[in-house]
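**Q** Have a look at the structure that comes next, please.
Any read-out appearing in this document is the output of simple, stated calculations on the displayed coordinates, not a laboratory observation. Remember, predicted model here, so these are calculated numbers, not experimental data. So basically every Cβ, Gly included, is an ideal-geometry build from the backbone, and we count neighbours across all protein chains shown.
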Amino acid sequence: MECNKDEALRAKEIAEKKFLERDLNGAKKFALKAQNLFPALEGICQMIATLDVYLASEEIAVGEKDWYAILSLSVSANEDTVKKQYRKLALQLHPDKNRSVGAEGAFKLISEAWSVLSDKSRRMLYDQKRSAKGFSQKTSQPNKNNNVPSNANGFYNFVNTAASKAQTVKKSTYVTPALCI
Amino acid sequence: MPLWVPVRSQVAPAACLSPSPEAPRALSLFSSSSVFPLPNSQCLVWRTDLLVISSFRMAEQPYMVASDSETTGDDKSQSAFHDLAIGIEVGTSKCSIAVWNGAQVELLRNTRKQKAMRSYVMFKDDTSTGEVPSGGASNKTAYEEKEILSGSAIFNMKRLIGRADTDPIVHASKNLPFVVQTLDIGVKPFIAALVNNVWRSTTPEEVLAIFLVELKTMAEVQLKRPIRNVVLTIPVSFNRFQQIRVERACTMAGLHVLRLMPEPTAVALLYAQQQQQQQQSLHGSMGSGCEKVALIFNMGAGYCDVATTATAGGVSQIKAMQGCTLGGEDILKNVLYHLLPNFDSLYSNRDMNKIRSMGLLRIAAQDAIHRLSTQSSVQINVDLGDGTKMQRVLHQSEFEEVNRNVFEICEKLIKLCLADSKLAAEDINDVILVGGCSRIPKIRSLVLGLCKKEKEYEGMDALEAAVTGAALEGAVASGITDPSGSLDMLTIQATPLSLGIRVHGGGFVPIIQRNTAIPARKSMIFTTTQDGQTEALIVVYEGEGKMVEENHLMGYFKVTAIPLAPKGTAEISVCMDIDAANTLRVFAGAMMLGTDRANSPFFEVRMPTLDDAHGWCAQALVKTHGSALDLTTIPKELQPQKVQ
């Protein structure tokens with residue numbers, strides 16, 4: 001058991017490294033491996049939740065992010081489901097609750113998704129744009145993605161927040177200035 | 001351990017001079033150095049006449065607590081408790097500390113068994129003493145209200161902190177027993193306490209720091225561990241300048257601010273916990289339950305806050321917040337001027353006798369206001385000592401009449417908050433009334449009336465709710481978990497004020513709108529106003545005014561290397577980021593034409609960068625640069641859709 005835990009810890013460390021290197025798929029692979037090896041590993045669920053949001057955010061629908069995928073919701077989800085899912089993810093991803101690298105960035109993504117999907121008129125507008133472009137109506141697949149950075153700013157965002165997350169407890173005044181782009 | 005002291009001028013002297021990069025720890029020597037002997041302690045004298053602050057090199061290994069601390073693997077929860085942040089509410093009038101004790105929140109008491117301690121610092125005979133007798137020195141004198149009002153004590157620092165001498169609140173503080181002078185030039189007001197018949201100057205930050213040292217010492221003695229991390233509650237209306245000043249005072253006192261929480265959001269967290277527990281006991285499971293919307297009205301001695309929150313499944317989401325500088329102090333002032341219309345001219349001369357009689361009148365008025373919460377009229381009998389005696393009856397109706405403006409502002413705030421959160425009175429499930437002034441009958445009926453409720457939410461102590469919530473947040477943000485699930489909750493904070501930049505013509509363009517959930521990151525593209533403009537000034541403001549001069553200037557910096565282009569074509573990206581600890585960073589840079597790639601490295605600036613005299617800076621910038629470095633917005637449809 002213990003040796004599994006050590007292995008799992010190592011896999012988790014590799015996942016963190018991959019994440020900072022912007023290799024989301026690789027990070028997810030190692031995070032899952034860590035979870036398989038030792039399901040009770042501290043923070044592993046939070047890490048996977050964080051990675052899922054980033055992976056989903058790579059999806060671009062009609063020039064905007066796929067907000068449904070980010071909240072892992074189907075397009076037909078009703079108001080109540082959106083609300084519940086947002087709360088559930090907030091509890092998993094809020095930096096107060098999640099110490100893994102990038103949690104803050106992931107939380108910002110779900111907040112943004114929430115601000116679009118919880119606002120009736122904004123959601124309608126977004127839905128219209130999607131159906132106009134014939135975007136699929138079924139649940140978006142968060143895991144289906146390419147590894148090409150969607151936009152440089154996006155990466156800049158998560159590297160930076162990842163760095164700030166690492167020091168969040170001490171609230172360092174200065175975050176490693178991840179070079180913009 | 002990284003340097004966490006804010007890198008700004010005038011940071012705590014202890015922090016600047018400490019050669020070690022670690023957090024400075026400041027303790028008043030006489031009270032606690034004997035309790036916790038620390039290695040490598042180095043003393044430095046900071047305003048010798050007031051207080052000696054020693055800065056200790058804190059080893060990674062915290063203090064040795066009496067029991068031998070185990071450092072084996074499964075001791076994680078134990079070691080986490082060493083860093084557990086405590087909750088502090090420094091009120092304008094009273095202050096309290098609370099801490100998560102492993103099962104629930106506990107309020108600490110001072111040696112006189114008080115949970116609510118008067119906030120003041122007495123300057124006397126070259127030592128300073130607050131109300132809190134630090135454990136070891138429990139025989140410290142407890143000052144009576146009369147002495148606090150003798151001019152030798154500074155209080156109401158929460159009202160004064162981070163304000164310039166042009167601020168109406170500072171002007172209104174001139175009727176306090178200590179000296180507050182204003183010269184209306186946009187700098188720190190002159191504040192002084194009477195010591196041996198001489199007015200000695202100080203600053204609100206310094207006073208707050210001294211007070212916090214006392215509180216810290218008291219908590220350390222009781223909890224038998226060093227205290228470093230704190231969650232401090234602040235009023236909703238505190239701008240970032242005021243927040244920085246509070247953080248700086250904490251730094252001076254050797255405390256690290258883990259979170260600054262607007263008071264109603266702390267109350268919201270407590271509410272979330274109570275709802276969660278209620279639902280668990282009802283359904284026996286962790287069902288996410290139905291959503292409950294609460295309006296929180298908090299009014300203390302110095303500030304009034306209103307917030308709405310939607311709570312379900314332990315998650316409380318702040319929908320909107322409104323706040324202003326309005327509180328018991330204003331009510332008291334109204335009553336004082338009602339009792340003595342010539343109050344100002346009477347007390348313009350500050351000799352000892354005048355100050356004393358002013359203090360006596362204050363006490364009498366305060367007492368009358370308290371009694372009016374339960375009586376329809378009260379008798380005021382006070383001998384002002386200078387031959388004048390005041391004998392009269394104050395009626396409830398009279399009281400309500402002289403404070404009509406106060407109630408009107410309360411009403412306005414509630415309406416604004418409801419409108420911001422797109423809620424009608426019918427949508428509200430619970431009305432939570434906290435803070436000392438919530439006991440005033442007129443205020444209760446007003447809030448309940450606006451929310452169309454018969455009665456208020458029960459189950460919260462009006463004076464302890466905020467500090468309890470702060471202690472809960474301290475536990476949650478310190479990573480403490482509770483097997484019974486009583487820490488499985490979260491408050492999603494929101495920004496109370498919009499943040500944005502100045503554009504051509506002096507307009508204010510918000511980038512992060514008020515009531516945005518934080519952490520948050522938003523960006524916008526701006527463009528040049530001159531042909532061939534290669535540099536642009538990013539001037540950051542906080543506030544709600546449409547024009548920049550109505551808002552607070554946070555700071556400014558220049559974006560360079562804008563590609564040569566006709567006006568209106570270059571793209572300058574400005575991004576604002578607020579992290580979980582509420583730190584604001586602004587990133588800006590020029591983009592290469594027609595791409596989403598940066599032309600040169602972006603600038604990252606932590607705000608605010610300014611200190612005082614912000615009004616002057618804005619004027620000076622315009623005077624020196626005119627509109628040569630101005631930016632302007634681009635039409636909405638050209639804004640990139642992606643949200644980063």
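**Q** By the gyration tensor of its Cα atoms, with a ≥ b ≥ c the square roots of the eigenvalues, what is the shape of the stretch B:503-548: rounded for a/c under 1.5, prolate for a/b over b/c, or oblate?
**A** oblate
**Q** Please average, across the residues of B:573-579, the number of beta carbons from any other chain that are within 10 Å of each residue's own beta carbon, and give a whole number.
**A** That works out to 4 on average.
**Q** HN-Hα J couplings of the stretch A:58-67 from phi, Karplus 6.51/-1.76/1.60, θ = phi - 60°, integer Hz, Gly and Pro as x?
**A** The phi angles translate into 6, 5, 10, 10, 6, x, 10, 5, 7, 4 Hz.
**Q** Turning to a different aspect of this structure: Hey, what did the stretch B:415-481 get for relative contact order, percent, Cα under 8 Å, at least 6 apart?
**A** 32
**Q** Which of the three applies to the stretch B:146-269, rounded, prolate or oblate, going by the alpha-carbon gyration tensor with a ≥ b ≥ c and a/c under 1.5 meaning rounded?
**A** oblate
**Q** Taking amide H positions as placed in the peptide plane 1.01 Å from N, state which residues far from B:His256 in sequence (5 or more) or on other chains have amide H under 5 Å from it.
**A** B:Asn229, B:Val230
**Q** Then there is this: Taking each pair of different alpha-carbon atoms in the stretch A:44-128 once, compute 1/r for the pair, average those values, and report the inverse of that mean as the Kirkwood hydrodynamic radius in Å to one decimal.
**A** 12.8
**Q** Once phi is turned into ³J(HN,Hα) by the Karplus curve 6.51 cos²θ - 1.76 cosθ + 1.60 with θ = phi - 60°, what whole-Hz value does each residue of the stretch B:251-265 show in order, with x for glycine and proline?
**A** 4, 4, 8, x, 10, 10, 7, 6, 8, 9, 10, x, 3, x, 6
**Q** Provide, as a two-decimal number, the C-alpha radius of gyration of the stretch B:499-638 over 2.2 N^0.38 Å, N being how many residues it has.
**A** Relative to the rule-of-thumb radius for its length, the stretch B:499-638 sits at 0.99.
**Q** In addition: Give me D for the stretch B:445-512 in µm² s⁻¹, whole number, from Stokes-Einstein with Rh from the Kirkwood sum over alpha-carbon pairs, 4 °C and 1.567 mPa s.
**A** 79
**Q** Would you kindly state how much longer the chain becomes between A:Gln128 and A:Asn78 on full extension, computed as 0.36 nm times their sequence separation minus their alpha carbon distance, in nm to one decimal?
**A** 16.4 nm
**Q** Cβ under 12 Å from B:Glu400's Cβ, B:Glu400 left aside: what net charge do those residues give with Lys, Arg +1 and Asp, Glu -1?
**A** So the surrounding residues net to -1.
**Q** Also, quick follow-up: What nm value, rounded to one decimal, do you get for the distance between B:Lys623 and B:Lys453 when each label is placed 7 Å out toward the C-beta?
**A** Modelled inter-label distance: 5.2 nm.
**Q** Using alpha-carbon pairs under 8 Å, 6+ residues apart, how would you state the relative contact order of the stretch B:499-638 in percent?
**A** Normalised by residue count, the contact order of the stretch B:499-638 is 27 percent.
**Q** Peptides B:325-338, B:592-605, A:100-113, B:374-387: what's the order by average Cβ count within 10 Å, highest mean first?
**A** My ranking of the peptides, most packed first, is A:100-113, B:325-338, B:592-605, B:374-387.
**Q** Based on other C-beta atoms within 10 Å, arrange B:Met554, B:Met321, B:Met547, B:Met489 from fewest to most.
**A** If I rank by nearby Cβ atoms, fewest first, I get B:Met547, B:Met554, B:Met489, B:Met321.
**Q** In addition: Report the net charge of residues surrounding B:Asp184, where surrounding means a beta-carbon distance below 13 angstrom and charges are Lys +1, Arg +1, Asp -1, Glu -1.
**A** My count for the surroundings of B:Asp184 gives +1.
**Q** Residues of the stretch B:173-193 with the amide nitrogen closer than 14 Å to a label point 7 Å from the Cα of B:Trp616, along Cα-to-Cβ, please.
**A** Correct set: B:183-189.
**Q** Contact order normalised by length for the stretch A:36-96, with contacts defined as Cα pairs under 8 Å and 6 or more residues apart; what percent is it?
**A** The normalised contact order for the stretch A:36-96 reaches 29 percent.
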